[in-house]
1. Looking at chain A, send over the antiparallel percent of its DSSP beta bridges, to the nearest 5.
2. Using bins 10 angstrom wide from zero, how does P(r) for chain A break down, in % of all Cα pairs?
3. Nearest 10 degrees is fine. How inclined is helix A:101-114 to the longest principal axis of chain A, computing both from alpha carbons?
4. Any chance you could give the angle, 0 to 90 degrees and rounded to 10, that helix B:49-83 forms with the longest Cα principal axis of chain B?
5. By DSSP, what percent of the beta bridges with both residues in the protein assembly as shown are antiparallel, rounded to the nearest 5?
6. For region B:104-156, just say rounded, prolate or oblate: build the C-alpha gyration tensor, square-root its eigenvalues into a ≥ b ≥ c, call rounded for a/c under 1.5, and beyond that prolate if a/b exceeds b/c, oblate if not.
7. To the nearest 500 deg cm²/dmol, what mean residue ellipticity at 222 nm is calculated for chain A from DSSP H runs of n ≥ 4 alone, each contributing -39,500 (n - 2.57), summed and divided by the residues?
8. For a test of the definition: using alpha carbon positions, the gyration tensor, and the 1.5 limit on a/c, classify region A:80-147 as rounded, prolate or oblate.
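Read-outs: derived from the displayed coordinates by stated rules, not from any lab. Quick caveat: nothing in here was measured; it's all calculated off a predicted structure. All Cβ positions, even for glycine, are placed from backbone atoms using ideal geometry, and neighbour counts span all protein chains on display.
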Amino acid sequence: MLTIQSAGRRFPNGTQALRGASLRLEQGDFVALLGPSGCGKSTLLRLVAGLDQPDAGTLAWDGGPPPAGGIGYVFQDATLLPWATAEENVWLPLRLRGVGREQARAQVRAALAQVGLAGFEGARPRELSGGMRMRVSIARALVAPPGAAPRVLLMDEPFAALDEFTRHKLQEDFLDLWRRTGTTVMFVTHSIYEAAFLARRIVVMTPRPGRIAREIVSPLAPEPATRFSPGYAALVGEITAVLQQAMAPA
Amino acid sequence: MNGTPARWAPAAAGVIFLALWQAAVWATGVPPYLVPGPLAIMQAFLAVPGLMLGSLLSTLVVTFTALAVSAVLGVALAVAMTASPWARAAIQPWAVALQVTPVVAIAPLIIVWVGDPFAALVVCATIVAFFPIFSNTAIGLASPPAELLDLFRLNGAGAWATLRLLRLPAALPYFLAGLRISGGLALVGAVVAEFVAGAGGFASGLAYRILESGYRLQIPRMFAALVLLSAAGIAINAALALVARWLLRRRGEA
């Protein structure tokens, strides 16, 4: 779906945010970009989204870059419009592509149902809990204007601001959603546990300069029971070792 | 009810204050051309209610016209500033210059330049009232977080769609807060302009009544005009607060 070849990005203040990042993203993938702050994982995500341009290397999409609205983006905060209802918030990406409220209704309701928010169409963000707001934000990233499928979902630490119980529930529900929809997901996180639980491939990144240290393929099944499996503990241990090794002063 | 004391306390304090005032006037026998009591002030108003209410109306028309002009101008310039850095650089310093120049100092010029007295008063009041709406709206238009702006970009939204669906709705609470401040200022501006214009102006507003009563030593009537003026100010403030609350409640805020 996407081939990233030695992508680099240096900010105007001189910080080398990312250097020599190469990565292949397949359709239906679930890739986690994992690393401490400053490792360039968010920068890489913004390059993939087209919100920023690399100043070295290339990003090549199979069959050309996605059209406007072809990428769903979920931020750390839900970033909903506070004056709009859940339904209007999910409608927004379609509305910006010229899809009317009535035309969009079926897709919008389906997206809200997919994240477990059927019946909350008329709720405003302030009436929803943090977890529910994030669910609306995910539903908003799921809707696609006509002609913009297949969907790529880019997520920038979407569960980092939630409490642990809510986080676990959302992780499990999202994993289930990914299995049902077959969406391609690129997921930025600084939590080893989250990356090990969710992703099929874990891309370990290290800072100064931001670069990819190692790519680990997960042997685990994408299901809630994974959290209690010995393989999960082993994977967490393996990722931790890779991170420690990569961060050790040379 | 929780809000009850807060509701009647101001009125009770006012009544006690007026009673004490009246009692002091009676006790000291001070003549009404120095300090009129509340009863004398009320009598002065009731002697010519049509004249006084007509003056109030005249001042209010100037006030609300200036407020409307300020709202349109303030929002338009704030939007222009948001649209281009060039416009921002061009507008900002002049808006500040206009705001810091005392209107009393430029009012005579405006009254001479703008031939029509009504228009001259509106221009003066607008100069005073314009800035809070303008600066508040500008802050509100710039208030959406970078993430939401990114989201709009990702979905191919142009400047117009971003303005209509994101920046303007985000600016509404800021605009309303500015409108409330500007409402009071528009009244102040209208009164100041009437004072400066004097007999050369409209010769009908409340400020003119105050001037005229002063010249004729009709101090109770002067006080009556003052009371009407402050009542108008309170009413404008309360009405704009109500409008703001209603608009924001309709959006599920406040």
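1. Counting only bridges with both partners in chain A, antiparallel ones make up about 50 percent.
2. Histogram of Cα-Cα distances, whole percents per bin: 7, 31, 35, 21, 5, 0, 0.
3. The angle comes out at about 50 degrees.
4. Taking the Cα atoms of chain B, the angle to B:49-83 is about 20 degrees.
5. 50 percent
6. Prolate, since a/c reaches 1.5 and a/b exceeds b/c.
7. -11500 deg cm²/dmol
8. prolate
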